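Colleague: Here you go, one structure.
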Amino acid sequence: MKKLSLLFAIVLAFAVASQAQIKIGAKAGVNINNMAFDYANSDFEPETKMGLGFHFGATAEYGISDQIAVQSGLLFTRKGFSFDIEEAWGGEGVDVEGYDRMMVNYLEIPIHAAYKFGGFQVYAGPYFAFGIGGKNKWDVTVSGDGFEESDSDETSLKPVFGEVDYENLDEDESPYRAFDAGLNFGIGYQMDKLLINAGYSLGLVNTAPSSVKGNDDYDAADQKATHRVISVSVSYFFLDM
């Protein structure tokens, strides 16, 4: 956090020194989420499908010149994915209905460099996110010749820093790494105070937490999972300084 605060201070000081145009506004949009899995020491990697989420919050732009700007803000964003239950539990003569969804909530700070030409712009830069909870919800019915089984429930997703001791978690809790970071890039079009963006987020931090020594239930070195997000958003700048 100290390094991040220092970076913001440097950006703000540069913007003021260069007599930058500063815009402040609100941003909201839709996330199309998924998760990329890479299991090093086992053959099992979950089959997933895209899931919907959303984001909203404050946005700011520091215009260094007519063509170049630094964009940032603070967003609440919901990421996650859906398990492909048909692929995981289906088969010949078996019918699977329902859903199994992971929804993970973050406070996210993007830092983008944007290049503008006409009304269009392209942007790229890192994001830093801090987990604030989530849910894994499922309602699944499996049926076939002469049988039918159903199960529905939910567990709380708990953000953790450092190693986690699974023995100290509640039965309805599942941990994930509280800190996430990655790269954003995309395109946009601005019409006066309105900015429309379409982008992609590439998560670079393993969301699977490390377990304490002696706990063999979960090995983050084996079970690597990183976020993948397609987003569409609208920003409205109501303050121009």
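The values are calculated or read from the model by the stated rules, or taken from the named source; none is laboratory data. Remember, it's a predicted structure, so these values are computed and weren't measured experimentally. Neighbour counts run over all protein chains shown; Cβ positions are idealised from the backbone, glycine included. Accessible surface areas use protein heavy atoms only, side chains included; no ligands, DNA or RNA. Shrake-Rupley method; radii C 1.70, N 1.55, O 1.52, S 1.80 Å.
Colleague: Can you pull out the residues in the stretch 83-104 that are part of a strand (DSSP E or B) and either open to solvent by less than 20 Å² (accessible area, probe 1.4 Å) or touching a helix residue (DSSP H, G or I) at 6+ places or on another chain (Cβ under 8 Å) (or both)? First the steps, then the outcome.
Modeller: Taking the stretch 83-104 first, the residues part of a strand (DSSP E or B) are 83, 91, 94-104.
The answer is V96, G98, Y99, D100, V104.
Colleague: When you scan the stretch 63-122, how many residues do you find that are more than 20 Å from the chain's Cα centre (by Cα) and among the hydrophobic types (A, V, I, L, M, F, W, C)?
Modeller: Result for the stretch 63-122: 13.
Colleague: Please tell me if S174 is in contact with an Asp or Glu (Cβ under 6 Å, 6 or more places away or on another chain), among the small types (G, A, S), under 27 Å from T226 (Cα atoms) and open to solvent by 40 Å² or more (accessible area, probe 1.4 Å).
Modeller: Values: in contact with an Asp or Glu (Cβ under 6 Å, 6 or more places away or on another chain): no; among the small types (G, A, S): yes; under 27 Å from T226 (Cα atoms): yes; open to solvent by 40 Å² or more (accessible area, probe 1.4 Å): yes.
The answer is no for S174.
Colleague: Go through (1) out of contact with any His (no Cβ under 9 Å at 6 or more places or on another chain); (2) in contact (Cβ under 8 Å) with a residue 12 or more places away in the chain; (3) part of a strand (DSSP E or B) and name the single condition E149 misses.
Modeller: (2) is the only condition that E149 fails.
Colleague: Just to verify a result, which residue in the stretch 21-57, among those that are open to solvent by 80 Å² or more (accessible area, probe 1.4 Å) and within 19 Å of the chain's Cα centre (by Cα), is modelled with the highest pLDDT? If you could, list the steps in order and put the result at the bottom.
Modeller: First pass over the stretch 21-57, keeping only residues open to solvent by 80 Å² or more (accessible area, probe 1.4 Å): 21, 38, 41, 43-44, 47, 49-50, 52, 56.
In the following step, the residues that additionally are within 19 Å of the chain's Cα centre (by Cα) were identified as 38, 47, 49-50, 52, 56.
On the way: D38: 86, E47: 87, K49: 92, M50: 94, L52: 95, F56: 98.
That would be F56.
Colleague: Here is a follow-up. Out of everything in the stretch 58-69 that is in a strand (DSSP E or B) and open to solvent by 30 Å² or more (accessible area, probe 1.4 Å), what residue ends up being farthest from R101 (Cα to Cα)?
Modeller: Restricting attention to the stretch 58-69, the residues satisfying the condition of being in a strand (DSSP E or B) are 58-63, 68-69.
Right, trim to open to solvent by 30 Å² or more (accessible area, probe 1.4 Å) and you get 58, 62, 68.
Working: A58: 27, Y62: 38, I68: 40 Å.
The selected residue is I68.
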